[in-house]
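Colleague: I have a structure I would like to understand better, so I am pasting it below and will then ask my questions one at a time.
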Amino acid sequence: MYKVVKFGGSSLASAEQFRKVGDIVRADDARRFVVPSAPGKRFSADTKVTDMLYGCYALAEAGKEFGTELRAIQGRYWEIVEGLGVQLDINKEFEVIKNNFENRAGSNYAASRGEYLNGLIMAAYLGYEFIDAAEVIFFDENGEFDADKTQKVLSSRLEKCHSAVVPGFYGSMPDGTVKTFSRGGSDITGSIVAKAIRADVYENWTDVSGFMVADPRIIDNPEVIETITYRELRELAYMGATVLHEEAIFPVRQQGIPINIRNTNAPDDNGTWIVESTCQKSKYVITGIAGKKGFCSINIEKDRMNSEIGFGRKVLQAFEENGISFEHVPSGIDTMTVFVHQDEFMHKEQKVVAGLHRYTNPDTIDIESDLALIAVVGRGMKSTRGTAGRIFSALAHNNVNVKMIDQGSSELNIIIGVENDDFEVAIRAIYDIFVVTKL
Ligand code: ASP
């Protein structure tokens, strides 16, 4: 049995956190492949090492003095190395980094050193082999992740070792320069490593005990989701629920490898299982609620629009031409509404309106701003009657005016549009009805 274990930045922010990680890895022989992030925040006002590296490199690139900033980063690692008592010449590593900064090695290289150094420390601490991600994770000429080449090289490399540490977040370009994934990308590395070794489980260790049913900034102490499917997670993640990088799902999903989100600070908690499919019923009718503020709706009205072939395409063409992606398009007999991100749309508003007039010759166009979209997601909704009814009566009881309703044909989610100001009230109302009162 193989487990790939990825640890996030807060799990590796100090020597004390590293010790917890060491205990977790040693507690299970199957935990043979470890993917670390860079040291994160030790307390809420702290700065992540990745951000310190970006800041430090910006100075170097501008030809400014960066010694103080680099020493501060070195101090973070020094504290960990000293605290753990591992044998590692951190000064030598920082000499190399300093030289490369002076020679403008690039901000991707700079940011990647956070994971690289944590990987060296982790390997020394656990007695695992260290594999530099630049040698096994590849991007193509366009900077896109090269899945085929990576799979080939990484899997043959991993098969040869008993246990290894592969730092997260970066790989290399065809010319050998370092390139990082987007922020939070160590989750992706963990997933790639899990796929390459055909792991039984991809454990993703963080500082929460799993995926919450709703945003803890809105709901006090929300329940943790025990099991969620990849598809449900996609819906929730798209709507802003963050625990795992969105891209991290794809590599493991191709192999049906489950992801287990765990808490480094509460290792006995079961966390959340993310699986391809399951016969396990979720505890409540809904699996989760997520949402985002800041949408605009553009309502296009035209008599007999529904008999005009190609009307929808022409409407969307006006958005496409201006590089605006749409979120939802609910339609009626003589109306079609397009939901877009307000900040994308705002400065192109009049161009889009002109385009709509040109292509569709509408009777009226109304624009409404400051809207929020809420997704209520759950595989259980398909087999339960009255879910939508319960949602809307809860919203009505809380004086929330529903602006839009969209139920995906998969019956996996119901999307509700409300005013930005009603966003939190609406989420609390939906959470209460399904989770607190368990109706
Ligand atoms: N250290 C990187 C970041 O802060 C990547 C990661 O932690 O996953 O974004």
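The values are calculated or read from the model by the stated rules, or taken from the named source; none is laboratory data. If you're wondering where the values come from, they're calculated on a predicted model, not measured in any experiment. Positions of Cβ are backbone-derived with ideal geometry, glycine not excepted, and every protein chain shown enters the neighbour counts. Heads up: the accessible areas ignore ligands, DNA and RNA and are worked out on the full protein's heavy atoms, side chains in. Shrake-Rupley method; radii C 1.70, N 1.55, O 1.52, S 1.80 Å.
Colleague: When the stretch 155-186 is examined, which residues are found to be within 16 Å of the ligand (Cβ to nearest atom), part of a loop (DSSP other than H, G, I, E, B) and open to solvent by less than 50 Å² (accessible area, probe 1.4 Å)? Reasoning before the result, please.
Modeller: Within the stretch 155-186, the first condition is being within 16 Å of the ligand (Cβ to nearest atom), and the residues that meet it are 165-171, 178-186.
So of that shortlist, the ones also part of a loop (DSSP other than H, G, I, E, B) come out as 166-169, 181-185.
If the condition is that a residue be within 16 Å of the ligand (Cβ to nearest atom), part of a loop (DSSP other than H, G, I, E, B) and open to solvent by less than 50 Å² (accessible area, probe 1.4 Å), then 166, 167, 168, 169, 181, 184, 185 are the ones that fit.
Colleague: Hey, any hits in the stretch 384-402 for a residue that's under 15 Å from residue 290 (Cβ atoms) and surrounded by 21 or more Cβ atoms within 10 Å (Cβ to Cβ)?
Modeller: First, pick out the residues of the stretch 384-402 that are under 15 Å from residue 290 (Cβ atoms): 391.
In the following step, the residues that additionally are surrounded by 21 or more Cβ atoms within 10 Å (Cβ to Cβ) were identified as 391.
Checked the stretch 384-402: at least one residue is under 15 Å from residue 290 (Cβ atoms) and surrounded by 21 or more Cβ atoms within 10 Å (Cβ to Cβ).
Colleague: Which residues, counting only those in the stretch 221-240, are closer than 13 Å to residue 272 by Cβ and in a helix (DSSP H, G or I)?
Modeller: Correct list: 230, 232, 233, 236, 237.
Colleague: Within the set of pairs 6 or more residues apart or between chains, which connect a residue that is charged (D, E, K, R) inside the stretch 242-254 to a residue that is at pLDDT 85 or above and away from the ligand (no atom under 12 Å from the Cβ) with Cβ atoms less than 8 Å apart?
Modeller: 246/234; 253/230; 253/276
Colleague: All but one of (1) assigned to a helix (DSSP H, G or I); (2) under 19 Å from residue 286 (Cα atoms) hold for residue 252; state the number of the condition that does not hold.
Modeller: Against the list (1) assigned to a helix (DSSP H, G or I); (2) under 19 Å from residue 286 (Cα atoms), residue 252 comes up short only on (2).
Colleague: Then there is this: Quickly run through the stretch 42-65 and pick out the residues that are acidic (Asp, Glu), more than 16 Å from the ligand (Cβ to nearest atom) and closer than 18 Å to residue 108 by Cα.
Modeller: From the stretch 42-65, those acidic (Asp, Glu) are 46, 51, 61, 65; that's our starting set.
Now drop any that are not more than 16 Å from the ligand (Cβ to nearest atom), which leaves 61, 65.
Scanning the stretch 42-65 gives a single hit, 61.
Colleague: Now for a different question. Does residue 236 count as away from the ligand (no atom under 16 Å from the Cβ), among the hydrophobic types (A, V, I, L, M, F, W, C) and touching a strand residue (DSSP E or B) at 6+ places or on another chain (Cβ under 8 Å)?
Modeller: On the way: away from the ligand (no atom under 16 Å from the Cβ): yes; among the hydrophobic types (A, V, I, L, M, F, W, C): yes; touching a strand residue (DSSP E or B) at 6+ places or on another chain (Cβ under 8 Å): yes.
It is true that residue 236 is away from the ligand (no atom under 16 Å from the Cβ), among the hydrophobic types (A, V, I, L, M, F, W, C) and touching a strand residue (DSSP E or B) at 6+ places or on another chain (Cβ under 8 Å).
Colleague: Determine which member of the set 123, 133, 199 is surrounded by 24 or more Cβ atoms within 10 Å (Cβ to Cβ), among the aliphatic types (A, V, I, L, M) and away from the ligand (no atom under 13 Å from the Cβ). Can you show your working first?
Modeller: Values: 123 fails: surrounded by 24 or more Cβ atoms within 10 Å (Cβ to Cβ); 133 fails: away from the ligand (no atom under 13 Å from the Cβ).
Within the list 123, 133, 199, the selection yields 199.
Colleague: Which one of these is in contact with a Leu (Cβ under 9 Å, 6 or more places away or on another chain) and of a type in the set (A, V, I, L, M, F, W, C): 33, 7, 43?
Modeller: Values: 7 fails: in contact with a Leu (Cβ under 9 Å, 6 or more places away or on another chain); 43 fails: in contact with a Leu (Cβ under 9 Å, 6 or more places away or on another chain).
Going through 33, 7, 43 in turn, just one is in contact with a Leu (Cβ under 9 Å, 6 or more places away or on another chain) and of a type in the set (A, V, I, L, M, F, W, C): 33.
Colleague: Mind checking whether some residue in the stretch 415-428 is open to solvent by 50 Å² or more (accessible area, probe 1.4 Å) and modelled with pLDDT under 95?
Modeller: no
Colleague: Tell me, which residue of the stretch 222-252 that is open to solvent by 20 Å² or more (accessible area, probe 1.4 Å) and among the acidic types (Asp, Glu) is farthest from residue 379 (Cα to Cα)?
Modeller: In this case the residue turns out to be 247.
Colleague: Could you list all residues from the stretch 51-69 that are in a helix (DSSP H, G or I) and open to solvent by 10 Å² or more (accessible area, probe 1.4 Å)?
Modeller: Within the stretch 51-69, the first condition is being in a helix (DSSP H, G or I), and the residues that meet it are 51-61, 67-69.
51, 52, 54, 55, 58, 59, 61, 67, 68, 69, listed by residue number.
Colleague: Give me the pairs: first residue in the stretch 95-118 and closer than 14 Å to residue 170 by Cα, second residue open to solvent by less than 20 Å² (accessible area, probe 1.4 Å) and more than 16 Å from the ligand (Cβ to nearest atom), beta-carbon distance under 8 Å, and six or more apart or on different chains, which are they?
Modeller: Partner pairs satisfying both residue conditions: 110/60; 110/101; 117/90.
Colleague: Within the stretch 19-42, does at least one residue satisfy the condition of being β-branched (Val, Ile, Thr) and part of a loop (DSSP other than H, G, I, E, B)? Walk me through it before giving the result.
Modeller: Here is the first cut: in the stretch 19-42, the ones β-branched (Val, Ile, Thr) are 21, 24-25, 34-35.
Remaining after also requiring part of a loop (DSSP other than H, G, I, E, B): none.
There is no residue in the stretch 19-42 that is β-branched (Val, Ile, Thr) and part of a loop (DSSP other than H, G, I, E, B).
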